[in-house]
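Have a look at the structure below before the remarks.
The values are calculated or read from the model by the stated rules, or taken from the named source; none is laboratory data. Just so it is clear, the model here is predicted, and its values are computed rather than measured. All Cβ positions, glycine included, derive from the backbone under ideal geometry; neighbour counts span all protein chains shown. These area figures cover heavy atoms from the full protein model, side chains too; ligands, DNA and RNA do not enter into them. Shrake-Rupley method; radii C 1.70, N 1.55, O 1.52, S 1.80 Å.
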Amino acid sequence: QVQLVESGGGLVQPGGSLRLSCAASGSVFGIAAMGWYRQAPGKQRELVAIDISGLRTNYADSVKGRFTLSRDNARNTVTLQMNNVNPLGTDVYYCKDVSYGKEYWGKGTLVSVTS
């Protein structure tokens, strides 16, 4: 079992920056992929960015060049640096990891882009 705890959500103005962090605990040695998804009200959860075993990072086209994912294997954390955040709206960001073929999700952290 892996437990994920997210932090760093909040209010941000359009064009601003925000950093999200996710810390994994439990059976962390088998973690392969680790990253972030988001979900807007009434919409499906979608990929933001995910690190695949340290070999590559996949980003959603909508965030390329603005968001950066960093993974620290020694601390079992993954950080999402979000720059030039837009558009207006509220999403819940979820940390996800895949360990021994199983998916684990955090409870989510709210990010509101508002002027």
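Table for the structure above
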item: Residue under evaluation Ile52, criteria (1) farther than 17 Å from Gly106 by Cβ; (2) over 15 Å from the mean Cα position of the chain (by Cα); (3) modelled with pLDDT under 95, criterion not met; result: (2)
item: Whichever residue in region 9-54 is assigned to a loop (DSSP other than H, G, I, E, B) and open to solvent by less than 40 Å² (accessible area, probe 1.4 Å) and, among such residues, is farthest from Thr79 (Cα to Cα); result: Ala40
item: Inter-residue pairs, beta-carbon under 8 Å, first under 16 Å from Pro87 (Cα atoms) and in region 32-52, second open to solvent by less than 60 Å² (accessible area, probe 1.4 Å) and not in a strand (DSSP E or B), 6+ apart; result: Gln39/Gly108; Glu46/Ala60; Val48/Ala60; Val48/Val63
item: Every residue from region 61-76 that is closer than 19 Å to Ala32 by Cα and at pLDDT 95 or above; result: Thr68, Leu69, Ser70
item: Pair list, Cβ < 6 Å and 6+ apart or interchain, from region 91-109 residues that are crowded, with 19+ Cβ neighbours inside 10 Å to residues that are among the aliphatic types (A, V, I, L, M) and not in a strand (DSSP E or B); result: Asp91/Ala40
